[in-house]
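Data first, discussion second: the structure below is written as structure tokens.
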Amino acid sequence: MNFPTTLEGLYIDGQWSAGGEHLRVINPATEALLTTVIGGDAEAVDRAVSAASRAFGAWSTTSGAERGAILRRIAAGVSAGRQQLMQLQATNNGKPLFEAAIDVDDVIATFEYYAGLAEGLDAAQDSPVALPSDGFSARLRREPCGVVGLIVPWNFPMVTTAWKLAPALAAGCCVVLKPSEVTPLPELELATIIAESGLPNGVFNLVCGTGMAVGAPLTADPRVAKISFTGSNAVGVQVMQSAAETVKGVSLELGGKSSLLVLADADLDLAVELACGGGFFNAGQMCSATSRVLVAQELAEAFLARLKSRAEAIRVADPFDPAVEMGALVNQAQYQRVLGHIDRGLSAGARLLCGGQRPAELPRGYFLQPTVFTDVPLDSELWCDEIFGPVICVRRFTSEAEAIALANDTPFGLVASVVSRDLVAAERVASALQAGLVWINAPQVIFPQTAWGGFKQSSIGRELGPWGLQAFQEVKHVIRGL
Ligand code: NAD
């Protein structure tokens, strides 16, 4: 793909412009500079929040049907631009084209889903509330919470954006979006599509930039009612602290350390496919990554042999290679971070089953072999911390209780997976796992209808489903004396 030397990184009040901050955008598969996005600063954030505040009065009182129609136009625009958006995701993020297609289809499904919920709001408005007294009547209204700031990471650029933006617009909120400085290109294209959707000026604003230049002033702005943030726990804590100064709401989608539990009667081929899918999709750069695999002692040898041979057969290649199975990591910093985890894992005494290095045939780009460790010490960084790369840590267990205890022994609680032919046992284990989403004998499928988010330090709040919409609504009761 060819890009202009520089791109304007601000879309404020219906106008494109350039700010002052230069963001170098890299192709992680080649390490080549793609373009420079000129992003914003505190002044641009101020202008974007002002535009959103001006637009809020009119937008918040449009009917759900009108908002739904615009969301459907955005979904149609994304659908029409599907190929272009897939290529941008693959070029800017390093993910294979087939994974980029899944992302774009998820974005379309999310806008369609929230279009439906927006259309349903008109009939649900002013729903009566039963009271224990004859002297009063009460009605419940849900109103948009105001101007909201959306801050997203680089691993699923447009998907994390859609999961916030579609429900925020459906609810009637006005938005300032800050994409990751690492992957602004898919979001710039999405903004172009939104600009042509008929949304009134100021309802949607985009400010590219770094966390310090744009994310921090957006979080601190007293006119912003809520921040919806997806990213690391370290930054999530800063966002929460800053939001506390002006008592604004926060939704946080943070890290994970998720387990796949392979019970003694599991289908081994399925278990290996789920381990590889959960561990190596998006080069393992997923908050929901299958970072820990817990396998029943009696299956362990056979499972490890099959996992090794499958992991070694995975084709790591350029995202546009038709046979690619795993692409590149997103940038130099992330690549070095993951290599550091591998080095320290070896020093801590974990046994490397396969991978751990750059594939010999790929001398450039941030490519890494799918990596599997066994006998990972329970107190090692490899076992305890989020790795965010294509690294699976395997341990054996001898009882169901031990497997559950190992899976739950983490401050995170995002997702988990169970493989077993015994559905009663699988359901029992699923009930005992501290996770917001548990898959049984299934890959990591996500539907807009089901909630996304976790227990413990993985999340505050839930995205997707009606919970994703409610995150952008205030509850108002009107009580009338009869
Ligand atoms: P990050 O926390 O470094 O950055 C996330 C976003 O926050 C970026 O847009 C960044 O510019 C911005 N930011 C940085 N400092 C800020 C500040 N002081 N104030 C406001 N904004 C600031 O995360 P990342 O490296 O982009 O993404 C990887 C992390 O995201 C991983 O920890 C992963 O688990 C998490 N993640 C979670 C989910 C989920 O749904 N739970 C989904 C995807 C990624």
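General observations
- For Ser417, distant residues with modelled amide H under 5 Å away: Ser259, Leu260, Leu261, Trp439
- For the chain, the longest principal axis of the Cα atoms and the long axis of helix 423-432 meet at an angle of about 60 degrees.
- Residue-wise HN-Hα coupling along region 367-374, computed from phi with Karplus coefficients 6.51, -1.76, 1.60 (Hz; x: Gly, Pro): 9, 9, 5, x, 10, 10, 10, 10
- When the alpha carbon gyration tensor of region 432-482 is reduced to an equivalent ellipsoid, its three semi-axes come out at 31, 13, 10 angstrom, largest first.
- Unit charges on C-beta of K, R, D, E only; dipole of the chain, Debye: 580
- Largest to smallest accessible area among Asp379, Asp267 [probe 1.4 Å]: Asp379, Asp267
- Considering only alpha-carbon pairs that sit under 8 angstrom and 6 or more positions apart, the relative contact order computed for region 259-447 is 28 percent.
- A straight line joining the Cα centroids of region 354-416 and region 227-287 runs 14 Å.
- Using the Karplus relation 6.51 cos²θ - 1.76 cosθ + 1.60 with θ = phi - 60°, the per-residue 3J(HN,Hα) values for region 328-343 come to 9, 6, 6, 6, 4, 4, 5, 4, 5, 4, 5, 4, x, 4, 5, 4 Hz, with x marking Gly and Pro.
- Taking 23 Å as the limit for the C-alpha separation, the pairs Lys164/Lys456; Lys308/Lys456; Lys248/Lys456; Lys178/Lys456; Lys226/Lys456 exceed it in the case of Lys308/Lys456; Lys178/Lys456.
- For the chain, relative contact order (Cα pairs under 8 Å, six or more residues apart, normalised by length) works out to 18 percent.
- Diffusion coefficient of region 1-126 by Stokes-Einstein, Kirkwood radius over Cα pairs, 20 °C, 1.002 mPa s: 125 µm²/s.
- Projecting the Cα positions of Ile392, Gly64, Val445 onto the charge dipole of the chain (unit charges on Cβ atoms of Lys, Arg, Asp and Glu, taken about the Cα centre) puts Gly64 furthest along the positive direction.
- Net lengthening on full extension, Ala58/Gln332 (0.36 nm per residue, minus Cα-Cα): 94.2 nm
- Helical content of the chain, expressed as a calculated mean residue ellipticity at 222 nm, amounts to -13000 deg cm²/dmol (DSSP H runs of 4 or more residues, -39,500 (n - 2.57) each, divided by residue number, nearest 500).
- Dipole axis of region 87-231 (+1 Lys, Arg; -1 Asp, Glu on Cβ), positive-most option in Phe111, Leu169, Ala101: Leu169
- Residues of region 392-429 with amide N under 15 Å of a point placed 7 Å along Cα→Cβ from Ala302: 420-422
- Two-decimal Rg/Rh across the chain, once Rg and the Kirkwood Rh are taken from alpha-carbon atoms: 0.99
- Heavy-atom accessible surface of the chain, averaged per residue, reaches 38 Å², computed with a 1.4 Å probe.
- For Phe204, distant residues with modelled amide H under 5 Å away: Val175
- Degrees separating the helix 297-313 axis from the principal Cα axis of the chain, which is the longest one: 80
- Taking only protein heavy atoms and a 1.4 Å probe, the accessible area of region 259-447 is 54% carbon and sulfur.
- Placing unit charges on the Cβ atoms only, positive for Lys and Arg and negative for Asp and Glu, gives region 259-447 a dipole magnitude near 360 debye about its Cα centre.
- Solvent accessible area, Å² - His477, 1.4 Å probe, full protein context: 100
- Once backbone amide H atoms are built at 1.01 Å from N, Glu474 has Glu143, Cys145 as its partners under 5 Å, excluding neighbours fewer than 5 places away on the same chain.
- Net dipole in debye of region 46-192 [+1 Lys, Arg Cβ; -1 Asp, Glu Cβ; about Cα centre; nearest 20]: 260
- Among Arg337, Arg292, Arg72, the order of accessible area from largest down is Arg337, Arg72, Arg292, computed with a 1.4 Å probe on protein heavy atoms.
- Cβ-based net charge around Thr374, under 10 Å, with every Lys or Arg adding one and every Asp or Glu removing one: +3
- Cα gyration tensor, region 376-427 - rounded (a/c under 1.5), prolate or oblate: prolate
- Our summary gives region 293-359 a relative contact order of 23 percent, counting only alpha carbon pairs under 8 angstrom and 6 or more residues apart.
- Region 34-51 - phi-based ³J(HN,Hα) in whole Hz, Karplus 6.51/-1.76/1.60, Gly and Pro as x: 8, 5, 10, 9, 8, x, x, 8, 4, 5, 5, 4, 4, 5, 5, 5, 4, 4
- On a per residue basis, the convex hull of the C-alpha atoms belonging to region 259-447 measures out at 116 Å³.
- For region 259-447, the residue among Gln336, Gln369, Ile314 whose Cα projects farthest onto the positive side of the dipole built from Cβ charges is Gln336.
- At most 13 other Cβ within 10 Å, DSSP loop - trypsin sites (Lys or Arg not before Pro), region 387-425: Arg421
- Estimated at 0.36 nm per residue, the fully extended path between Lys476 and Ala80 surpasses their Cα-Cα distance by 138.7 nm.
- Principal-axis tilt of helix 82-93 within the chain, Cα atoms, nearest 10 degrees: 60
The values are calculated or read from the model by the stated rules, or taken from the named source; none is laboratory data. Keep in mind that what you see is a predicted model, and the values were worked out from it rather than measured. Heads up, the Cβs are rebuilt from the backbone with ideal geometry, glycines too, and the neighbour counts pull from every protein chain shown. When the accessible area is computed, the model is the full protein with side chains, heavy atoms only, and any ligands, DNA or RNA have been set aside. Shrake-Rupley method; radii C 1.70, N 1.55, O 1.52, S 1.80 Å.
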